[in-house]
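Please read the structure below before turning to the comments.
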Amino acid sequence: MRIILLGAPGAGKGTQAQFLMDKYGIPQISTGDMLRAAIKEGTPLGLEAKKVMDAGQLVSDEIIIGLVKERIAKADCEKGFLLDGFPRTIPQADAMKDNGIQIDHVIEFDVADEIIVERMAGRRVHPGSGRVYHVVYNPPKEEGKDDVTGEELVIRADDVEETVRKRLGIYHDQTKPLVDYYRAEADAGNTQYHKLDGTQAVDAVSAQLAGLLG
Ligand code: ADP
Ligand code: ADP
Ligand code: ADP
């Protein structure tokens with residue numbers, strides 16, 4: 001099963017990716033996690049990406065498309081994959097199509113901007129795994145610690161409110177057009193498009209997803 005999770009930053013894509021990975025046994029491809037790993041390793045890509053990401057802007061299509069194509073070519077993606085945070089622009093979506101990469105389901109997470117701002121303020125992440133928590137809505141078992149490894153959780157540099165608002169602006173300008181793009185793809189019979197209410201609690205959103213995907 002090949003799935004695209006589409007939605008604003010903070011809509012809950014990474015949280016549900018965790019659920020879907022466990023349920024369907026398909027890998028999560030999070031371009032944000034890949035970029036953060038490159039930053040941590042200090043690769044040339046990481047050095048270039050850091051400034052752009054901290055400023056809340058998008059990394060160039062060329063770089064991102066290259067990363068994703070390379071990742072999808074790996075053996076663990078043969079049975080399917082979960083794209084989280086990609087595509088984010090029309091050229092990125094076109095690149096999938098031009099490379100003959102067919103998508104079975106596109107799932108849009110609908111969440112209002114004000115809820116997003118509140119979610120981002122409480123987001124804590126485990127850098128090693130990409131696991132995501134929220135201090136109120138999805139707290140770890142032990143405060144400030146990852147449930148699995150017990151390692152320290154961190155606040156992402158780009159989760160300060162000013163940068164979140166900027167990222168939301170970019171989402172509306174550059175990523176939201178993908179809603180119409182994939183609805184048209186669905187109408188042409190090339191994929192299935194689903195919109196879900198992302199404002200419900202984490203478990204309720206997971207239940208909606210399980211209902212959609214079977
Ligand atoms: P969130 O889900 O909170 O928006 P991500 O982890 O998906 O965050 O992305 C963090 C940052 O990484 C983005 O703000 C952007 O700078 C960069 N990035 C991630 N995915 C893409 C992409 N597909 N295209 C361009 N930039 C990306
Ligand atoms: P995205 O990957 O779309 O950027 P995340 O999955 O990282 O979003 O979620 C953003 C923040 O909101 C995290 O702190 C997460 O724990 C929290 N969160 C995710 N889903 C929900 C939900 N359904 N209700 C409340 N908070 C949520
Ligand atoms: P939904 O019905 O998925 O909740 P909205 O209420 O946001 O969607 O609909 C926004 C607009 O998009 C409406 O005019 C609706 O008719 C249109 N729309 C919904 N689904 C599709 C589709 N599969 N293809 C084309 N347009 C659609």
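The values are calculated or read from the model by the stated rules, or taken from the named source; none is laboratory data. Just so we're clear, the structure is a prediction, and the values are computed from it rather than from any experiment. Here the Cβ positions follow ideal geometry from the backbone for every residue, glycine too, while neighbour counts run over all protein chains shown. Each accessible area value is taken on the protein alone, full model and side chains, heavy atoms only, with ligands, DNA and RNA left out. Shrake-Rupley method; radii C 1.70, N 1.55, O 1.52, S 1.80 Å.
Residues whose amide H lies under 5 Å from that of ARG2, counting only those 5 or more places away or on a different chain, are PHE81, ASP104, HIS105; hydrogens are built 1.01 Å from N in the peptide plane. Scanning residues 5 or more positions from GLY85 or on other chains, those with amide H under 5 Å from its amide H are LEU5, with H placed 1.01 Å from N in the peptide plane.
In this simple spin-label model, placing a label point 7 Å from the Cα along the Cα-to-Cβ direction at both ASP76 and ALA186 gives a separation of 3.0 nm. Per-residue 3J(HN,Hα) values for the stretch 129-135, derived from phi via the Karplus relation 6.51 cos²θ - 1.76 cosθ + 1.60 with θ = phi - 60°, read 10, x, 4, 10, 10, 9, 4 Hz in sequence order (x marks Gly and Pro). The convex hull of the Cα atoms of the stretch 49-143, projected and averaged over all directions, covers 8.3 nm². 3J(HN,Hα) along the stretch 150-156: x, 6, 4, 8, 10, 9, 5 Hz, from the Karplus curve 6.51 cos²θ - 1.76 cosθ + 1.60 with θ = phi - 60°, whole Hz, x for Gly and Pro. Distance between the pseudo-spin-label points of ALA201 and ASP94 (7 Å out from Cα toward the beta carbon): 4.5 nm. Counted over the chain, the DSSP beta bridges are approximately 25% antiparallel.
Give the calculated FRET efficiency between SER129 and ASP173 to the nearest 0.05, with a Förster radius of 35 Å applied to their Cβ-Cβ distance.
Numbers: r = 31 Å, r/R0 = 0.89.
Between SER129 and ASP173 the formula returns 0.65.
Binning the C-alpha pair distances of the stretch 139-192 at 5 Å intervals from 0 yields a P(r) profile of 5, 16, 12, 10, 11, 12, 14, 13, 7, 2 %, listed from the shortest bin outward. For the stretch 52-154, the relative contact order is 14 percent, taking Cα pairs closer than 8 Å that sit 6 or more residues apart in sequence and dividing their mean separation by the residue count.
Note on the stretch 1-146: lysine pairs with Cα distance below 16 Å, sequence gap of 8 or more or different chains, count 6.
Label zone (GLN102, point 7 Å along Cα-to-C-beta; backbone nitrogen cut-off 18 Å) within the stretch 1-16: 1-4. The Cα atoms of the stretch 58-214 cover 47, 35, 35 Å along the three principal axes, with the biggest extent listed first.
Taking a Cβ cut-off of under 12 Å around ILE107, the surrounding Lys, Arg, Asp and Glu residues balance to a net charge of -2, with basic ones at +1 and acidic ones at -1.
Across the stretch 1-119, the volume of the C-alpha convex hull divided among the residues equals 115 Å³ per residue.
Of the accessible area of the stretch 25-167, computed with a 1.4 Å probe over protein heavy atoms only, carbon and sulfur atoms account for 52 percent. Remark: the stretch 197-214, residue by residue, has Karplus-estimated 3J(HN,Hα) of 7, x, 8, 6, 5, 3, 5, 5, 5, 4, 5, 4, 5, 4, x, 6, 8, x Hz, where x stands for each Gly or Pro and the curve is 6.51 cos²θ - 1.76 cosθ + 1.60 at θ = phi - 60°.
By DSSP, the beta bridges lying fully in the stretch 89-200 are antiparallel in about 50 percent of cases. Ordering ILE170, ILE103, LEU45 by the projection of their Cα atoms onto the charge dipole of the chain, which places +1 on the Cβ of Lys and Arg and -1 on the Cβ of Asp and Glu, puts LEU45 at the extreme positive end.
For the stretch 79-214, the relative contact order comes to 35 percent (Cα pairs under 8 Å, sequence separation of at least 6). Evaluated with a Cβ-only charge set (Lys, Arg +1; Asp, Glu -1), the stretch 104-214 carries a dipole of roughly 80 debye about its Cα centre, given to the nearest 20. A 1.4 Å probe, protein heavy atoms only, puts the accessible area of PHE109 near 10 Å².
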